[in-house]
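Peer 1: Could you have a look at this structure, given as structure tokens, before my questions?
The values are calculated or read from the model by the stated rules, or taken from the named source; none is laboratory data. Treat the numbers as computed from the prediction; the structure is a model and nothing was measured. Cβ: placed from backbone, ideal geometry, glycine included. Neighbour counts: every protein chain shown.
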Amino acid sequence: MELAALTKTRLIDMSESNCLFCKIVSGEMATEFVAETDNTLVFKDIWPVAKVHLLVIPKQHYSDVAELAQNAPVILSEVLKTATEMAREYTAGSFKLQFNTGAEAGQTVFHAHAHVLSDTEKDGS
Ligand code: AMP
Ligand code: ZN
């Protein structure tokens with residue numbers, strides 16, 4: 001393996017080993033899951049900004065949605081499908097799907113994730 005490739009591999013390993021959401025996927029950090037599919041996990045955002053605030057993540061580490069789209073579009077489509085299923089299950093039908101991408105856009109966890117946000121819950125409250 002060339003040096004550049006080795007360095008890149010090491011950087012990717014480091015980012016994964018320090019990644020909060022990878023720790024949630026591995027079970028190192030305990031979290032209650034709302035749903036799971038082959039390639040995604042869903043859990044409640046710890047600091048909700050809407051009545052419904054769920055996070056849908058790929059189990060594999062990609063630093064943001066752009067990297068996910070570039071390298072694993074099939075998994076991205078599973079993230080989108082899971083997110084809309086969560087919206088159908090937990091909201092009255094109106095919701096936002098948000099991927100913060102880059103620190104200046106508000107991304108704080110550098111493992112791709114979709115926010116499912118809604119102030120109208122399924123039960124109408
Ligand atoms: P972003 O700012 O788009 O990167 O989104 C990261 C989200 O992860 C934020 O909305 C945080 O509130 C949320 N978050 C951080 N730590 C946890 C955790 N341990 N469990 C659930 N959500 C978390
Ligand atoms: Zn990760």
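Peer 1: Being in a loop (DSSP other than H, G, I, E, B), out of contact with any Leu (no Cβ under 9 Å at 6 or more places or on another chain) and within 15 Å of ligand 2 (Cβ to nearest atom), is that true of even one residue in the stretch 77-96?
Peer 2: no
Peer 1: A further question follows. Is there a residue in the stretch 96-115 that is more than 21 Å from Cys22 (Cβ to Cβ) and away from ligand 1 (no atom under 16 Å from the Cβ)?
Peer 2: Taking every residue of the stretch 96-115 in turn, none turns out to be more than 21 Å from Cys22 (Cβ to Cβ) and away from ligand 1 (no atom under 16 Å from the Cβ).
Peer 1: Under the condition of being more than 8 Å from ligand 1 (Cβ to nearest atom) and closer than 12 Å to Ile24 by Cα, which residue from the stretch 41-55 is surrounded by the fewest Cβ atoms within 10 Å (Cβ to Cβ)?
Peer 2: The residue in question is Leu41.
Peer 1: Tally time: how many residues in the stretch 17-46 are part of a loop (DSSP other than H, G, I, E, B) and within 9 Å of ligand 2 (Cβ to nearest atom)?
Peer 2: Looking only at that region, the number is 2.
Peer 1: A follow-up question, please. Residues being modelled with pLDDT under 95 and of a type in the set (A, V, I, L, M, F, W, C): count how many of those fall in the stretch 104-125.
Peer 2: Residues that pass the stated criteria total 0.
Peer 1: May I pose another question? Consider the stretch 14-30. How many of its residues are without any contact (Cβ under 8 Å) to a residue 60 or more places away in the chain and surrounded by fewer than 16 Cβ atoms within 10 Å (Cβ to Cβ)?
Peer 2: So the count comes out to 8.
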